[in-house]
Amino acid sequence: MFSISKDDQLAVIGLGYVGLPLAVEFGKASPTIGFDINDDRVNELNKQHDRTLEVSTEEMAEARHLSFTSNINDLKGCKVFIVTVPTPINSHKQPDLTPLVKASEAIGSIMQKGAVVIYESTVYPGATEEVCVPILERESGMTFNQDFYAGYSPERINPGDKEHRVSTIMKVTAGSTPEVAEAVDQLYKRIITAGTHLASSIKVAEAAKVIENTQRDLNIALINELAIIFDKLDIDTLEVLEAAGTKWNFLPFRPGLVGGHCISVDPYYLTHKAQEIGYHPQVILSGRQINDDMGGYVASQVVKMLTQRKVHVVDANILILGLAFKENCPDLRNTRVVDIVAELATYHANVEVYDPWINPEEAKHEYNITPVDTLEKGRYDAIILAVGHQEFMDMGSDAIRALGREHHVLYDIKSALPKDSVDARL
């Protein structure tokens, strides 16, 4: 009978937005080791500092059974390995499984008989058993479902959300055998107060995860397309959505930039697998195209408004408020604000980005963008509110307007400011 006791040691591989909160929860009751290849990250966590702001110093202090390391050999005594590494896409918008492959290789090199490796990283249906398991077998010299086992429990972390936490979000679980599946489910039930849903197979759990964000992506794409249509009809999109929202079953989606590590990435994992089996997914890819084009659309709208005001776009000073992919969060992963920056740069405008939440060094490293750290009144020809950080809401439209020149444009992507205080909103 396969089981996982509270005394069995756990390892969480990858200590980012997903892995750290999970490790902290498990570390409150069971011996848990958090592993990350980034030495600086591990050193910070050993000092109980989380740069992602997902876990407080007090929460880490509560995890009395948790330790951190960047040495894979420290995990040799672990029975459970939970993999939470990123699964990005490459420049061709194809799945990049490199982090997942390297994590599997590392685990396979040190795991012992009886181990179970649980993947939380978003993948296409079949990836765990078709890609990861063979690597584990090769590196360990052991036989799958005889000497070691696999599980899958897709992450559902929402960066920056202080209400929906890892323990309060229902968890989907799955395992490579019925006994392992039950053990994995019971393992997560220790920390998930919202409950669990035991899927019939790993593939079902993988598919469930990838369509969660695909569904959201398509819904936002529809609203983005409607926003473009309504703009051409000189109709305010938000007013339309508020009116339609009075019906009980109307879904409350809003137009905007679709970035981050999930919604804008996961659909490409599903379309990749679909094309691999000979099916060309039309609806999903069409939605992705619309959302990927929204940054360019916003930039073109701002350029059009400047031109109408006889403001030369070349050398115009344009301020973008916010670079993170969402409000009140330092997460820069796959932010689509960079598309606005890139498009405006083609017009040779002087673009400045201000975001009090992000790490400037990360912005420079990832996107070659150096954010400004102060704002100057009366400087800008156009101001784009791209991210709804609370700091910007606290400023209000008057203070934001004061940053602009006499005939400046204020464009509100988030529809966060009063309609009559802005020149346009998405």
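The values are calculated or read from the model by the stated rules, or taken from the named source; none is laboratory data. Keep in mind that this is a model prediction, so the values were computed, not measured. Counting neighbours? That spans all protein chains shown, and the Cβs are built from the backbone with ideal geometry, glycine included. Each accessible area value is taken on the protein alone, full model and side chains, heavy atoms only, with ligands, DNA and RNA left out. Shrake-Rupley method; radii C 1.70, N 1.55, O 1.52, S 1.80 Å.
Would a scan of the range 90-106 turn up a residue that is over 21 Å from residue 132 (Cβ atoms), more than 16 Å from the chain's Cα centre (by Cα) and buried (at least 24 other Cβ atoms within 10 Å of the Cβ)?
Within the range 90-106, none of the residues are over 21 Å from residue 132 (Cβ atoms), more than 16 Å from the chain's Cα centre (by Cα) and buried (at least 24 other Cβ atoms within 10 Å of the Cβ).
Please determine whether any residue of the range 230-251 is under 26 Å from the mean Cα position of the chain (by Cα) and either at positive phi or of a type in the set (D, E, K, R) (or both).
Among the residues of the range 230-251, not one is under 26 Å from the mean Cα position of the chain (by Cα) and either at positive phi or of a type in the set (D, E, K, R) (or both), which makes the answer no.
Working only within the range 175-208, note down all residues that are within 23 Å of the chain's Cα centre (by Cα), buried (at least 21 other Cβ atoms within 10 Å of the Cβ) and closer than 18 Å to residue 11 by Cα.
188 - this is the single residue of the range 175-208 that is within 23 Å of the chain's Cα centre (by Cα), buried (at least 21 other Cβ atoms within 10 Å of the Cβ) and closer than 18 Å to residue 11 by Cα.
Does residue 137 count as surrounded by fewer than 23 Cβ atoms within 10 Å (Cβ to Cβ), farther than 16 Å from residue 78 by Cβ and touching a residue at least 24 places away in the same chain (Cβ under 8 Å)?
So residue 137 passes the test.
Against the definition (open to solvent by 40 Å² or more (accessible area, probe 1.4 Å) and either more than 30 Å from residue 292 (Cβ to Cβ) or touching a helix residue (DSSP H, G or I) at 6+ places or on another chain (Cβ under 8 Å) (or both)), how does residue 81 come out, yes or no?
no
For residue 148, which of the numbered conditions (1) surrounded by 22 or more Cβ atoms within 10 Å (Cβ to Cβ); (2) at positive phi; (3) of a type outside the set (Lys, Arg) fails to hold?
That leaves (2) as the condition not met.
How many residues does the range 197-226 contain that are touching a residue at least 40 places away in the same chain (Cβ under 8 Å), of a type in the set (S, T, N, Q) and farther than 30 Å from residue 301 by Cα?
Residues that pass the stated criteria total 0.
Just to be sure I understand, how many residues within the range 258-311 are among the aromatic types (Phe, Trp, Tyr) and not in a helix (DSSP H, G or I)?
1
Every residue in the range 409-423 that is surrounded by 18 or more Cβ atoms within 10 Å (Cβ to Cβ) and in contact with a helix residue (DSSP H, G or I) (Cβ under 8 Å, 6 or more places away or on another chain), please.
409, 410, 411, 413, 415, 417, 422
Let me confirm something: among 35, 68, which residue is without any contact (Cβ under 8 Å) to a residue 60 or more places away in the chain and more than 30 Å from residue 269 (Cα to Cα)?
68
What are the pairs, 6+ residues apart or on separate chains, where a residue within the range 232-259 that is over 20 Å from residue 158 (Cβ atoms) has its Cβ under 7 Å from a residue that is aromatic (Phe, Trp, Tyr)?
237/230; 240/230; 244/250
Here are 306, 285: which of them is of a type in the set (A, V, I, L, M, F, W, C) and over 24 Å from residue 403 (Cβ atoms)?
Sole residue among the options that is of a type in the set (A, V, I, L, M, F, W, C) and over 24 Å from residue 403 (Cβ atoms): 285.
Quick one: residue 142 ticks every box in (1) hydrophobic (A, V, I, L, M, F, W, C); (2) out of contact with any helix residue (DSSP H, G or I) (no Cβ under 7 Å at 6 or more places or on another chain); (3) in a loop (DSSP other than H, G, I, E, B); (4) open to solvent by 30 Å² or more (accessible area, probe 1.4 Å) bar one, so which box is it?
(4)
Can residue 397 be described as of a type in the set (S, T, N, Q) and in contact with a Pro (Cβ under 9 Å, 6 or more places away or on another chain)?
Spelling it out, residue 397 is indeed of a type in the set (S, T, N, Q) and in contact with a Pro (Cβ under 9 Å, 6 or more places away or on another chain).
Look at the range 336-390 and say how many of its residues are open to solvent by 70 Å² or more (accessible area, probe 1.4 Å) and of a type in the set (Ser, Thr, Tyr).
4
What residue, of 162, 171, is of a type in the set (D, E, K, R) and surrounded by 18 or more Cβ atoms within 10 Å (Cβ to Cβ)?
On inspection, the qualifying residue turns out to be 171.
The rows are residues; the columns are (1) over 30 Å from residue 50 (Cα atoms); (2) modelled with pLDDT under 95.
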position	(1), (2)
153	no, no
184	no, no
219	yes, no
247	yes, no
259	no, yes
262	no, yes
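With the condition being at pLDDT 95 or above, under 30 Å from residue 86 (Cβ atoms) and in contact with a strand residue (DSSP E or B) (Cβ under 6 Å, 6 or more places away or on another chain), I'd like the strands (runs of 3 or more DSSP E) fully within the range 313-426 carrying at least 2 qualifying residues.
Filter on the range 313-426 gives 317-321, 350-354, 380-385.
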